[in-house]
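To keep things clear, I will list the structure first and then write my remarks on it.
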Amino acid sequence: MDAALLSIVMAAPLAAAILCAAVRAPRVCEAVNLIAAGLGFVCAVPLAVISRNGPFFHWGGYVILDMTGAWVLLCAAIVYLLAAIYSVGYMRMLGHDGKLWGYYALFAGFALTIFASTVMNNAGLYWIAIELTTLVSTFLVGFERVAESMEAAWKYIIIVSAGISIALLGTVLFYWAGSFVLGPTYDMTWSALRDAAPRMNRELVILSFLLVLVGYGTKVGLAPMHTWLPDAHSEAPAPISAMLSGALLNGAMLGIIRYLEIADTAGAGALARDVLAGFGMFSLLVGALFIVRQTGIKRLMAYSSVEHMGVIALGVAFGGILGTVGAFYHMLNHSLNKSLMFFGAGNAMRVYGTKRINRIRAVGEKFPVSGALWLAGAVAITGAPPFGLFLSEFVILRAGFQQSFSWAASAMLVLLIVIFIGFLNHFRAMYFERDPRPDAIGTGVLSAWCVTPMWLAAMPLLLLGVWWPAPIWDHLVAATRAIGGSP
Amino acid sequence: MLAANLDPVASSIFSMLAIVSLVLAFVMLGSRWLNNYLYAFAAESWVIAALSAAVGYYGGYPELYLVAGLTGFFRGLFLPYLVWRIIRRLDVAREIHVFVQPSSTLVLGALCAVFTLTVAYRIGESLGLANTVAVLALTVMLSMKLIGFLMLAVRHEALSQILGLLILENGIFLGAQILVPGMPMLIEIVILFDLLIVVACFGVLVRYLVTHVGSTSSLKLKRLVG
């Protein structure tokens, strides 16, 4: 059962990518990608449920389906579905029909590599999956082929490849640390590393973990390794920004979570968590500073991603049931919410023909429905009730105070308030300030393809804020227990 | 652990090869000419291939001969060929704006090497391998990492950055041959192919950069800030 579902999840985007490259008719590519995304989502939900009875191993033990991975896979599948729907409307507005097949082929390939990274059981193969996400998405970031997007693509591939190579060094050193226990040749599975961890040399584990943390942290967008993120997120087409932010960053965070488990078992957990908390804190700080003074609409969203990855990193670092569960829940909420925000930003960019916040005015009057959804998303992303992010951030804060990280939790609280004010101030200006210049009034209409995914993201977000479903709570608690998520 | 009980000849061959490749990394650091980078990189890859073969011979890992062959062919011939094609397409023969002189860069590189030696020694001591080739391998691995980053930081040409990244990878590969010769073949081969894809992607991107930005110097990439 799970093997079949897993095969479908992987095969659907693969088939879509091949079909898009083969057929090249724009409408067919749209449909194929949509079907693949739908299939991926439909299969990812039962996979998450089934993973409770796991972990399951497939394909000669190279693939693992465990609760943590299945959860991240589910988040990615949700974003892929939303972004696939939104792509139809957005890319038609962009009007590159001739090379749309390339976009959809890469898009499906991007989804495939993210999906694959969540189920890799071998640390080396996980690294390769993450590296492949970069290579595929670089061309999506540079899809519009203007100077800005080429610059963003170049920075993205250079910075992230350099970062990822640090993770490779860390991976090799982890293998070395394991080879003292398991002999010179062994399969570098997560469980093998974890079982060997108590007998690994502690200093070597610390060095390896720090390298892995910095390496995958680059991909997660933790400050100060985040510098590629605002450029790539702001220059990519909006659906890709949503994928980068909502799906890819979680996929890289998964690696950090898995290695943290190994560091914990090796007795290096306390230091590892302190460092992770430091990176999380710094990401929040950088996010706050750049959000307050931001002038570009998608860069605003990008810095908000840096901030939220910081929050997730803090949740993971705080640990315990509350911290880790909060971090997982935050992943889902952030995936939904950031998709909503990027879709809204994409709409605004197309309609107003600008990326600058000060040229986007009177959104609410022009677009009563989608404008209201976007505004609701803005309130949600700053962590205000009654949306999901409020709950997850609240839980993470509680964990911080419980787990003797009060300094970090207090600072986090202050920074969240700063971000709340700074972020919503931009929205106040965009909705309620007047601009006498006539070109600050948008033109054009939004198709249902552009608005529907916003509904599909906003409604669950509201639901998850007023009601934390018991099955999700149980799943996340079980996942946390399985990875020993407390120091 | 291979490094712990090696016969002295093997140990000195490994050390020599590791040091030669570190010196070649310094050659890159000390030059401004893109062609020199390329030759140094190709030579370094051949040294690493020789190292793989030597480790395979002395450590009793026959599969490393295959890795050596693949390394020699892909890293030593094919990758340099791809990079050479990129160079040919650009009309840039050397770094034009150097804001840290090559001589100063060499000093910085030397400082990096000293720093990594202390780190490696510390780790080697805690593992009880303080007087073995493992310390040297770790030093070279980490120094080539830092030298690669130095190249990335102080050089602007797209090509220097690509080669900087390739040094990072070479350093890891070199260290891995000595420290973890038993690392599964599958991973090594996949990483090798991954590298090829990376360089192919760079090639495409460089072409786009020339067309759409009009320059391959990272000094010209400053539209996106804040």
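Shielding value for B:200-208 is 4, the average number of Cβ atoms from other chains within 10 Å of each residue's Cβ.
The packing ranking of peptides B:205-217, A:458-470, highest mean first, is B:205-217, A:458-470, where packing means the average number of other beta carbon atoms within 10 angstrom of each residue. Taking the inverse of the mean 1/r over every pair of distinct Cα atoms in the stretch A:111-179 gives a Kirkwood hydrodynamic radius of 13.1 Å. With the simple model of a label 7 Å out from the Cα in the direction of the Cβ, A:Arg428 to B:Ala200 spans 5.3 nm.
Of the peptides A:315-325, B:84-94, the ranking by mean beta-carbon count within 10 Å, highest at the top, reads A:315-325, B:84-94. Put the Cα centre of the stretch B:23-59 next to the Cα centre of the stretch A:154-170 and the gap is 21 Å.
Taking the convex hull of the alpha carbon atoms in the stretch A:31-168, what volume per residue do you get, in Å³?
Here the figure is 102 Å³ per residue.
Approximating the spin labels as points 7 Å out from Cα along Cα→Cβ, the A:Asn53-to-A:Val146 distance works out to 5.3 nm. The protection proxy used here, the mean number of other Cβ atoms lying within 10 Å of each residue, ranks peptides B:67-80, A:258-271, A:15-28, A:167-180 as follows, highest first: A:167-180, A:258-271, B:67-80, A:15-28. Measuring how big chain B is from its alpha-carbon positions, Rg and Dmax come out at 18.1, 57 Å. Measuring between their Cα centroids, the stretch A:210-229 and the stretch B:145-178 lie 18 Å from each other. The Cα-based radius of gyration of the stretch A:212-291, divided by its Kirkwood radius, gives an Rg/Rh of 1.02. Return the average number of partner chain Cβ atoms within 10 angstrom of each residue Cβ along peptide A:145-156. Partner Cβ neighbours, averaged per residue: 6. Here the scattering of the stretch B:1-129 is modelled by Debye summation over its C-alpha atoms, one equal scatterer each and no solvent; at q = 0.11, 0.18, 0.23 Å⁻¹ the log10 of I(q)/I(0) is -0.52, -1.10, -1.29. The stretch A:271-349 and the stretch A:31-49 have Cα centres lying 26 Å from one another. Treating each Cα of the stretch A:143-290 as one equal point scatterer and applying the Debye formula with no solvent, the log10 of I(q)/I(0) at q = 0.11, 0.12, 0.13, 0.16 Å⁻¹ comes out as -0.46, -0.54, -0.62, -0.85. Between A:Ala4 and A:Val292, the distance separating the two model label sites (each 7 Å from Cα on the Cα→Cβ line) works out to 5.7 nm.
Among the cysteines of chain A, A:Cys43, A:Cys75, A:Cys450 have no other cysteine beta carbon within less than 4.7 Å of their own.
Evaluated on the protein assembly as shown, the Kirkwood hydrodynamic radius is 25.8 Å, with distances taken between all distinct Cα atoms.
Note on B:163-175: average number of Cβ atoms from other chains within 10 Å of each residue's Cβ is 3.
All of the numbers you see were taken from the coordinates with simple rules; none came from a lab. Only a predicted model underlies this, so the values are computations on that prediction, with no experimental measurement involved. Virtual Cβ from ideal backbone geometry, glycine too; neighbours counted across all protein chains shown.
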